[in-house]
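Novice: Can you read through this structure? Questions will come right after.
Just so you know, all these numbers are worked out from the coordinates, no wet-lab data involved. Fair warning: this is a prediction, and the values are worked out from it, not measured in the lab. Here Cβ is always computed from backbone atoms with ideal geometry, including for glycine, and neighbour counts include all displayed protein chains.
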Amino acid sequence: MTAPEITLNNGVRIPQLGLGIWQASPEETERIVRYAIAEAGYRHIDGAKAYGNEEALGAGVRASGVPREEVFVTTKLWPTEFGHDEALAALDASLDRLGFDYVDLYLLHWPNQDDAKRVETWLALEEALAAGKARAIGVANHEPHHLADLLEGGSVVPAVNQIELHPALPQRELRALDASHGIVTQAWSPLGGGPTTPWGRLNPHGTALRENVVLAEIARRHGRSPVQIILRWHIQQGVVAIPKSVTEDRVAQNIDVFDFELSAEDLEAIAGLEVPDGAGRTGTHPDDASF
Ligand SMILES: NC(=O)c1ccc[n+]([C@@H]2O[C@H](COP(=O)([O-])OP(=O)(O)OC[C@H]3O[C@@H](n4cnc5c(N)ncnc54)[C@H](OP(=O)(O)O)[C@@H]3O)[C@@H](O)[C@H]2O)c1
């Protein structure tokens, strides 16, 4: 199955469902990226320098046999490499590891706590965009005040804001703010995440969400898995989702969500899975993260 595309604010098109590869070893990454593209129909892979598997990502794309220009590849800049010159050098190093001339999307991975440096870094990404090293540039984990800094200090509106988002943390306000600026929201940990969080803590939420009885009942009625119900929920809200799996049948299952529709009642029941006060968050709040 192939995912439909969404048009970003600079006209570049992004497949609405991609493969996440955080916590995948290089060996797993090359294998699963090849499988996802060549066998399961994926055309979008979400990588990052910090995941330590950029070489394997590039190798997996090449091994798929699908032309580079048909696959949408993201990588990200880690905050310790913020700064104008540092950012441009980090992108060149990522491109070297990937073995590509360009990435489709380059993201600021976390906002960092230094506002001036973040804006300086964003201006470097604007240069990389103009130089054709990235077809689109965007951000991750940006709260409203982080976005405001970039909108004021930069001349390119981020194409994407990639944030933690799943039924337990639906992020309604941030999604509405993104949309008001023409920024596409991407969901990380769209399934509630893996066994550990980005900070290495145990994450009880992911399994709990995937085993939730409300989702199980909706899944039963549609003849689907609870994970497919969660992914369909993302798709019907116009969000781009990047579920991670290194397991082939799960990777195939996760993109098989474009031939059924959740009803208004289904959506209402899933809305009830929100954990109040943002307590469904698995990772650290961006305002509390520093690197
Ligand atoms: N920008 C950021 O700061 C940021 C932060 C975190 C993540 N991300 C990106 O978002 C991607 C996804 O987030 P995530 O990896 O945290 O979590 P996720 O995609 O919500 O969940 C991944 C977990 O779900 C399991 N899984 C996947 N498909 C399944 C299925 N069909 N049935 C049952 N279990 C299934 C995976 O297991 P197996 O792999 O063992 O199959 C893995 O343990 C990451 O890989 C990364 O690319 C970005």
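Novice: To the nearest 20 Debye, how big is the dipole of the chain about its Cα centre, given +1 on the beta carbon of each Lys and Arg and -1 on that of each Asp and Glu?
Specialist: Rounded to the nearest 20 debye, it is 660 debye.
Novice: Okay, moving on. What is the antiparallel percent of DSSP beta bridges lying wholly in the chain, to the nearest 5?
Specialist: Percentage antiparallel, nearest 5: 15.
Novice: Quick one: if you stick a label point 7 Å off each Cα along the C-beta vector at GLU127 and PHE258, how many nm between them?
Specialist: If labels sit at GLU127 and PHE258, their model points lie 3.8 nm apart.
Novice: Same structure again: Which of ARG118, ARG201, ARG31 moves the most in a Gaussian network model of the chain with Cα springs under 10 Å?
Specialist: Top of the fluctuation ranking is ARG201.
Novice: So, one more: What share of the DSSP beta bridges in segment 130-279 is antiparallel, in percent to the nearest 5?
Specialist: Rounded to the nearest five, the antiparallel share is 20 percent.
Novice: Next up: Please build a GNM for the chain, connecting alpha carbons under 10 Å apart, and tell me which residue among TRP188, TRP122, TRP199 fluctuates the most.
Specialist: Looking only at TRP188, TRP122, TRP199, the largest GNM fluctuation is found for TRP199.
Novice: Which one, SER25, SER155, SER245, has the greatest fluctuation when you compute a Gaussian network model over the chain with C-alpha springs under 10 angstrom?
Specialist: Highest fluctuation among the options: SER155.
Novice: Now for a separate question. In debye, nearest 20: dipole of segment 1-98 around its Cα centre with unit charges on the Cβ of K, R (+) and D, E (-)?
Specialist: Approximately 300 debye in magnitude.
Novice: Run the quick spin-label model on ALA93 and ALA279: label points 7 Å from Cα toward the beta carbon, then report their separation in nm to one decimal.
Specialist: Placing both labels 7 Å along Cα→Cβ, they lie 4.1 nm apart.
Novice: Put +1 on the Cβ of each Lys and Arg and -1 on the Cβ of each Asp and Glu in the chain; which of ALA56, ALA116, SER245 then has its Cα farthest toward the positive end of the dipole?
Specialist: SER245
Novice: Could I ask something else about it? Quick one: if the Förster radius is 30 Å, what FRET efficiency do THR196 and GLU248 give, using the C-beta to C-beta distance and rounding to 0.05?
Specialist: Step by step, r from the Cβ atoms, then E = 0.85.
Novice: Mind checking the alpha-carbon convex hull of the chain and giving the volume per residue in Å³?
Specialist: So the per-residue Cα hull volume is 116 Å³.
Novice: Would you mind finding the longest exposed-site-free stretch of the chain, with exposed GluC sites (Glu not before Pro) meaning DSSP loop and at most 16 other Cβ atoms within 10 Å?
Specialist: Between the exposed loop sites, the longest stretch runs 40-210.
Novice: Find how many whole Å separate the alpha carbon centroid of segment 205-231 from the alpha carbon centroid of segment 101-157.
Specialist: Answer, in whole Å: 35.
Novice: Where the centroid of each part is defined by its Cα atoms, how far is segment 174-204 from segment 37-97 in Å?
Specialist: 19 Å
Novice: Relative contact order for segment 1-101 using alpha-carbon pairs under 8 Å, separation at least 6, rounded to a whole percent?
Specialist: 25 percent
Novice: For a label point 7 Å from the Cα of ALA289 along Cα→C-beta, name the residues of segment 108-126 whose backbone N is under 16 Å from it.
Specialist: 108-115, 118
Novice: Contour minus end-to-end for ASN10 and GLU55, with contour as 0.36 nm per residue of separation and end-to-end as the Cα-Cα distance?
Specialist: 13.4 nm
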